[in-house]
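Please read the structure below before turning to the comments.
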Amino acid sequence: MNKIAVSNTFNGYTNSVEGREEQLRKISDAKIGYIHWQYDGTGYYIYSQYEMKMIKEWLDTYGLKAYSVHASEGGKNSSFPFKDREERFKVRNYWDNLKDFTSENEYVRKAGVDLIRNRIDLAHAIGTDSIVLHLLVPYGEIEMKKGYKDVFYNQVIKSFKELEPYCREKGVKIALENLFTEPYQYEIEKFELIFNEFDKDFMGFCFDSGHGILLNPDNEMDFLERYKERLLVLHLHENDGRDDSHTIPFQVNNNFNWQRFAEIMAEINYDDPLLFETNMNRAGTTSCETRFFEVIHNAGNKLWEMIEKEKKMLMKK
C-alpha cells in the first residue's frame with residue numbers, strides 16, 4: 001500500500017472528542033495509514049499531556065501513524081478586517097497577538113515560544129518528528145519603518161534559538177512553510193535568512209504546492225527546487241491560481257507541473273508519505289466520504305507511480 005496521508009480535519013472541524021476520534025476511524029477504514037494533525041494550527045489552544053496521550057491511543061487503536069503536526073504561530077489568522085488579501089498581511093495591527101513568537105513585547109514573544117513548544121510536545125507524544133510553522137512577514141511595516149526589518153527578524157531568530165535545543169532534545173524539527181501572504185521577494189528573503197542562520201537538522205522546509213501556484217504562477221516549483229534538500233513535509237493540493245481552494249491534485253487541468261514534482265521527489269529519494277492537505281468541502285469532489293477517499297487514493301497512487309518511474313530512470317543512468 002502506498003504511503004498516503006490526509007489531514008484529520010478532512011470532513012471539517014469539530015470540538016467534540018467523539019467527533020475527532022471518529023475522523024481518525026474513518027481515515028483508518030479508508031485504508032490511509034498516516035494523518036496530519038491539523039487541529040489548532042492557529043489560535044492559542046494548549047494541549048495537556050492527557051490530551052496528547054488520548055490522541056496517541058487513538059492512533060494506536062486505529063493503526064495510524066502521525067506524519068506531522070501543524071503548529072500555531074498564534075492568533076494571527078483569527079480575523080481579517082481587510083477585504084483585499086494582500087492588504088490584510090501588510091501590517092501587524094490586525095493581529096490578535098497575545099502569543100506571538102515574533103512580537104517586540106518580550107512577554108508576548110515568550111508566550112508564543114511556549115505555544116510552539118507545546119506543539120513540539122504534541123508531535124513527540126504522538127510519534128512524529130516534525131511540526132509545520134507559518135511565519136508571516138509584515139512587509140508593509142518593513143517598507144514604511146526604517147530599520148523595522150532588523151527588529152522583526154531579531155525577534156524571530158531569538159525565538160528560534162530558544163526553541164532549537166528543545167527541538168533537538170525531543171527529536172522534532174520545525175518545517176517552515178512557503179506562503180503566499182507576502183510578495184515574492186519577501187518570501188525568498190525570509191527563507192534565505194532563516195536557513196542561513198539554522199541548519200537542516202533543526203530547521204527544515206514544508207512545501208505547499210497550492211501556495212506555490214499563488215505566489216509564483218510562472219514557476220510554482222520554485223521553492224521546492226530551492227529547498228528540496230531541507231524538505232520535511234508536503235502539503236499537496238491545487239487551485240485555479242485565484243484562490244487557495246485546496247483541491248485534490250489532478251482535478252484542475254494543467255495548473256501544476258506534477259511531472260516535475262515527481263522528478264524532484266526521485267532526485268531526493270523521497271520515501272515518506274504524500275500528504276494531501278485538503279478536505280471534502282474544498283476538494284473538487286462531492287460531499288460523499290467514499291468518493292473523497294477514492295479520489296485521494298487515485299491521486300496518491302498516480303503520484304507514487306510517477307515518482308517510482310523517475311527513480312528507476314535515475315538508477316539506469
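Per-residue counts of other Cβ atoms within 10 Å, averaged by peptide: what ranking do you get for 191-197, 35-41, 264-270, highest first?
With the highest mean Cβ count within 10 Å placed first, the list reads 35-41, 264-270, 191-197.
If you count, for each residue, the other Cβ atoms within 10 Å and average over each peptide, how do 223-230, 272-279 line up from highest to lowest?
Highest-to-lowest ranking by the protection proxy: 272-279, 223-230.
From the square roots a ≥ b ≥ c of the eigenvalues of the alpha-carbon gyration tensor of region 119-161, which class results: rounded (a/c under 1.5), prolate (a/b over b/c), or oblate?
prolate
Using 0.36 nm times the number of residues separating Asn154 and Thr290, minus their current alpha carbon distance, what extension gain do you get?
44.1 nm
Under 24 Å Cα-Cα from Lys99, which lysines qualify once same-chain neighbours fewer than 8 residues away are excluded?
Those lysines meeting the cut-off are Lys76, Lys90, Lys110, Lys145, Lys149, Lys158, Lys161, Lys170, Lys173, Lys190.
Please arrange Lys99, Lys316, Lys146 by how many other C-beta atoms lie within 10 Å of their C-beta, fewest to most.
Exposure proxy ranking, most exposed first: Lys316, Lys146, Lys99.
Using alpha-carbon positions, what is the distance between the centroids of region 38-66 and region 139-182, in Å?
Distance between centres, Cα-based: 25 Å.
With each run of n ≥ 4 DSSP H residues scored as -39500 (n - 2.57), what mean residue ellipticity at 222 nm is computed for the chain after dividing by its residue count and rounding to the nearest 500 deg cm²/dmol? Mind showing how you got there, number by number?
Working: 10 runs with 141 residues, N = 317.
That comes out to -14500 deg cm²/dmol.
Among the DSSP beta bridges whose two residues both lie in the chain, what percent are antiparallel, rounded to the nearest 5? Please report the intermediate quantities before stating the final value.
Working: 2 of 27 bridges.
Taking every DSSP beta bridge with both residues in the chain, the antiparallel ones total about 5 percent.
Which whole-number value in Å³ per residue fits the convex hull of the alpha carbons of region 136-189?
Expressed per residue, the convex hull around the Cα atoms of region 136-189 is 76 Å³.
Build a GNM of the chain with springs between Cα atoms under 10 Å: which of Asn219, Asn15, Asn118 gets the top mean-square fluctuation?
The residue with the greatest mean-square fluctuation here is Asn15.
Can you pull the three principal axis extents for the Cα set of region 4-316, in Å, largest first?
Principal-axis extents of region 4-316 (Cα, largest first): 51, 46, 41 Å.
Looking at the P(r) of region 203-317, how many percent of alpha-carbon pairs lie beyond 23 Å? Before the final figure, lay out each step's value.
Details: 1774 of 6555 pairs.
Counting pairs separated by more than 23 Å, the tail of P(r) holds 27 percent.
As an exercise, use a Förster radius of 35 Å and the Cβ-Cβ distance of Asp114 and Lys317 to find the FRET efficiency, rounded to the nearest 0.05.
Details: r = 49 Å, r/R0 = 1.41.
For Asp114 and Lys317, the calculated efficiency is 0.10.
Evaluate the relative contact order of the chain (contact order divided by residue number), counting alpha-carbon pairs under 8 angstrom at least 6 apart; express in whole percent.
Answer for the chain is 16 percent.
Stretch Arg260-Asn301 to full length: gain in nm at 0.36 nm per residue minus the Cα-Cα span?
13.1 nm
Rule-based calculations on the coordinates, nothing more; no lab input. Small disclaimer: the values here were computed from a predicted structure and weren't measured. Note that each Cβ is placed from the backbone with ideal geometry, even for glycine, and that neighbours are counted across all protein chains shown.
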